[in-house]
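*Asks:* I have a structure here, written as structure tokens, and I will follow up with some questions on it.
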Amino acid sequence: MITSTKMLPEGYVLSGEINLKKNKRLAITLNIAAFFVFVLSFYLLSSFTALVRPNLMNISGSITAGGAAVVVGLVIMLFTIHELIHGVFFWVFTRSKPVFALRLFYAYAGAPDWYIPTRQFMIVALGPLVIIGAAGLLLILLAPIRWIMFIIFFVAMNTGGAAGDLFVFARLFKLPPTSLMNDTGDIVTFYERQSTIDHP
Ligand SMILES: [Zn+2]
């Protein structure tokens, strides 16, 4: 079984990258996809909630300025938690401290010194989507009614925000398990064993 390593093993060559800094078109496409994933998730979660918590639909809410400020604060917190979950999984597989950055329009976690094998990187990529999604569904079932709309909103935001993670995951799916990934935070680089490229 291959594990994460700080040294690119012999015989590995660069086979591709996802670089949102360089590839503006991909960055924009992913943002548009994120928006649609958000809307779809919001709709599906609302439908699910109507099914499991039917009395919710009697509640009507209004948005105040204070409420909006709270929501913005909570969204920043949500994305911080999302990146921390990526970070925890980076730590699980590398046993070293990941890097974090919070920019104006995005946040990221990365492990720039490491080469991480496909299966492990899949877990790193999907960790926040799965964990926050599962916690959210549980909360939809159990939380007080007045929180439910917030929970739906945040889980939908998280799912939309994971559009880039899903894109990386889809890409990983096509790679052999022996491939290695290096993630600086905004650039993911793929390495494959020379032999798997020569004889696919
Ligand atoms: Zn993510």
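Readers should treat all values here as calculations from the given coordinates under stated rules, not as data from a laboratory. All figures in this text were calculated on a predicted structure; none of them were measured in a lab. Neighbour counts are summed over all protein chains in view; Cβ atoms, including those assigned to glycine, are modelled from backbone coordinates with ideal geometry.
*Asks:* How about the stretch 104-200: which strands (runs of 3 or more DSSP E) wholly inside it have at least 2 residues that are aliphatic (A, V, I, L, M), within 16 Å of the ligand (Cβ to nearest atom) and touching a helix residue (DSSP H, G or I) at 6+ places or on another chain (Cβ under 6 Å)?
*Replies:* 107-117
*Asks:* Do you know which residues across the stretch 124-145 are surrounded by fewer than 17 Cβ atoms within 10 Å (Cβ to Cβ) and in contact (Cβ under 8 Å) with a residue 12 or more places away in the chain?
*Replies:* First, the residues of the stretch 124-145 that are surrounded by fewer than 17 Cβ atoms within 10 Å (Cβ to Cβ): 130-131, 134-135, 137-138, 141-145.
Within the stretch 124-145, 131, 137, 141, 145 qualify.
*Asks:* Okay, next question. Can you go through 94, 80 and tell me which one is away from the ligand (no atom under 16 Å from the Cβ) and closer than 23 Å to residue 20 by Cβ?
*Replies:* Step by step, each of 94, 80 is checked, and only 94 is away from the ligand (no atom under 16 Å from the Cβ) and closer than 23 Å to residue 20 by Cβ.
*Asks:* May I ask you to list the residues in the stretch 16-59 that are free of Cβ contacts under 8 Å to residues at least 12 places away in the same chain and of a type in the set (Ser, Thr, Tyr)?
*Replies:* 29, 43, 47
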